[in-house]
Amino acid sequence: MSEKNEKKKSSAEDEDVREFKEVMNTLKETVPEIIKGIVDAIYSGTNAEEFGKQVANFYKSMVDVGMDKEEAYELTKKFMESRDISGIIKKILSEGNLENWKSGDVDSEKISSTIKNKVNDELKRETGETNE
Amino acid sequence: MSKGIIYILADTPAILITITFSYLKYKRKAKKYMKIFRKTLIREGVERKMAKKLASEIKIVNLRELINMMH
């Protein structure tokens, strides 16, 4: 009887060990693959260049219409927060809810109205100068 | 159960090393991304100082967040 019990115990242990080995193998293979996937998707050189061009254009367009550099920097920072994919992921993860992020501190209305005001001011100034 | 413990002891260092290397590789890529981003800004006509300031605003996902992402 005791021999039977020991056999049962041993086979259950073998089963546990086999399962554990599977888990370890999955960890060994999957985790690096996931990290690699994230790196390739987010931090590729092409992405960096594309994003750099977008940010540079945004910043320059605001400086060109006469906006103060610090103000342009603040707006560009917000623009980056709304476009940077790693920032978006980080924000979603830290808040744990995409909906929270959507209604978060990226105030696109404020950004667009500031730009509009600056452009209008600049146009008024230019037309005033031409009339004179 | 002793067999299980032996497997844990045998496999854990290998897994830790693999994950550490992957993470270091990830960090290096992220830094390279920031460098390319900063250089692109400068090439596109943004002042060097401002480009540096803007590049520092890029958020890099850290290990804890990476692990959360895998859940």
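One table, with the values for the structure above:
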quantity: Ratio of Rg to Rh over the range B:2-70 (Cα coordinates, Kirkwood Rh, two decimals); calculated: 1.28
quantity: Separation of the A:Asp121 and A:Thr30 label points, Cα + 7 Å toward Cβ, nm; calculated: 5.5
quantity: Two-decimal Rg/Rh across the range A:1-42, once Rg and the Kirkwood Rh are taken from alpha-carbon atoms; calculated: 1.44
quantity: Accessible area buried between chains A and B, both sides summed, probe 1.4 Å, in Å² to nearest 100; calculated: 4000
quantity: Residue-level accessible surface for A:Ser10, protein heavy atoms, 1.4 Å, Å²; calculated: 60
quantity: Other protein chain Cβ atoms within 10 Å, averaged over every residue that makes up A:40-48; calculated: 5
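The values are calculated or read from the model by the stated rules, or taken from the named source; none is laboratory data. Just so we're clear, the structure is a prediction, and the values are computed from it rather than from any experiment. When we count neighbours, we look across all protein chains shown, and the Cβ atoms used for this are built from the backbone with ideal geometry, even at glycine. For the accessible areas, the whole protein counts, side chains as well, though only heavy atoms, and no ligand, DNA or RNA atoms are used. Shrake-Rupley method; radii C 1.70, N 1.55, O 1.52, S 1.80 Å.
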